[in-house]
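Worksheet: one structure, shown below.
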């Protein structure tokens, strides 16, 4: 828990009052056990009060606090008063400097305090320990300084760790947002690209039939209306993902292949769908990926293969799902060029999009011309085996 400035100030005030009360009450008891020390008097109490009441400023002005406490403590010891609670106040002042300042200024400030504190070792109105008192006096400086440095280093490490975690969370959130945008862009491309391809083909048929056989053109226009409505409905479901709080409808899957086949039939492409193996319920991600691969491959056949038929084979195996789309197009190079790009002018969403979908699920996509003409798209998607 991180304290606010007001809470820290209140804690320091309480600490100062506790040390003040302890110093006033316990210094006399300490003197009883130190023969030769000067008895507690008014001057002693004033020095104890000055040292304790300087502590509330230890966070805002640690060096000034150390200076006041050091002067009060050194004066106290030089006058010969007994070693007592005032040294706890000095200890906390040294600790505060070590915690709140960089190493160099903290060491300089603490070194000056140590030199001043040593005055009583060689000159005092009470017992002067001489050189034998240097080591005990240094302990009151070295120990709190070392503890303060350790605490400061740990705090800085914790702050860096929190900052790194915050950056990591921000980077993860940004990456997830980018991935979601790319996923939605791929979905929109597949929906719109297929719908527009079918509509374009149906419109060409209607324009061809309208002058000579207007009654048959009505069928093509009806197919255009149905295809555009279905594409808009699917697009609306897809775009619902970007609206905050909107619930997504069910994603398309292989169950929609008959509807896709009928829609393409209206555009002049006859699609034969065969199922190998025992159909079963698939994970939504696998079902969607398989459907999109078929949809994109058939869209490319409709646009560029120059044929009126294609074949789709869906294979259910124990641990994987396979989908294969083949045609007998007039030029494998045409199909291959299209699939190697995007299928609609080079925006990079055709083969690349199919490959990314399949690879994201741990599968593999194979595309290329067939030996006897045409083109083949083959995807293998891993599926947890049924028990």
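All of the numbers you see were taken from the coordinates with simple rules; none came from a lab. Note that this is a predicted model, so its numbers are computed, not measured. Note that each Cβ is placed from the backbone with ideal geometry, even for glycine, and that neighbours are counted across all protein chains shown.
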>> I'd like the FRET efficiency for residue 49 and residue 157, computed as 1/(1 + (r/R0)^6) with the beta carbon distance as r and R0 of 30 Å, rounded to 0.05.
In response: 0.20
> Can you give the convex hull volume of the alpha carbon atoms of region 91-173 per residue, in Å³?
Replying inline: 76
>> What does the extension gain come out to for residue 179 and residue 228, with contour length at 0.36 nm per residue minus their alpha carbon separation?
In response: 14.8 nm
> How big is the convex hull of the Cα atoms of region 1-77, per residue, in Å³?
Replying inline: 94
> Taking R0 as 35 Å, what's the FRET efficiency between residue 29 and residue 64 from their Cβ-Cβ distance, rounded to 0.05?
Replying inline: 0.70
> How far is it, in nm, from the label point at residue 196 to the one at residue 309 when both lie 7 Å from their Cα along the line to the Cβ?
Replying inline: 3.1
> In what order do 76, 83 fall by count of nearby beta-carbon atoms within 10 Å, going from fewest to most?
Replying inline: 83, 76
> When only Cα pairs under 8 Å and 6 or more residues apart are kept, what is the percent relative contact order across region 1-113?
Replying inline: 29
> Which order, highest average first, do 33-44, 102-113 follow once you tally other Cβ atoms within 10 Å for each residue and take the mean per peptide?
Replying inline: 102-113, 33-44
> Expressed in nm to one decimal, what extension gain is obtained for the pair residue 359 and residue 319 from 0.36 nm per residue of sequence separation less their Cα-Cα distance?
Replying inline: 12.8 nm
> Once the piece of chain linking residue 4 and residue 147 is laid out straight, how much longer is it, given 0.36 nm per residue of separation minus the C-alpha distance between them?
Replying inline: 49.2 nm
>> Need one word for region 5-128: rounded, prolate or oblate. Basis is the Cα gyration tensor (sqrt eigenvalues a ≥ b ≥ c); a/c below 1.5 gives rounded, then a/b vs b/c decides.
In response: oblate
> What is the order of 149, 354, fewest Cβ neighbours within 10 Å to most?
Replying inline: 149, 354
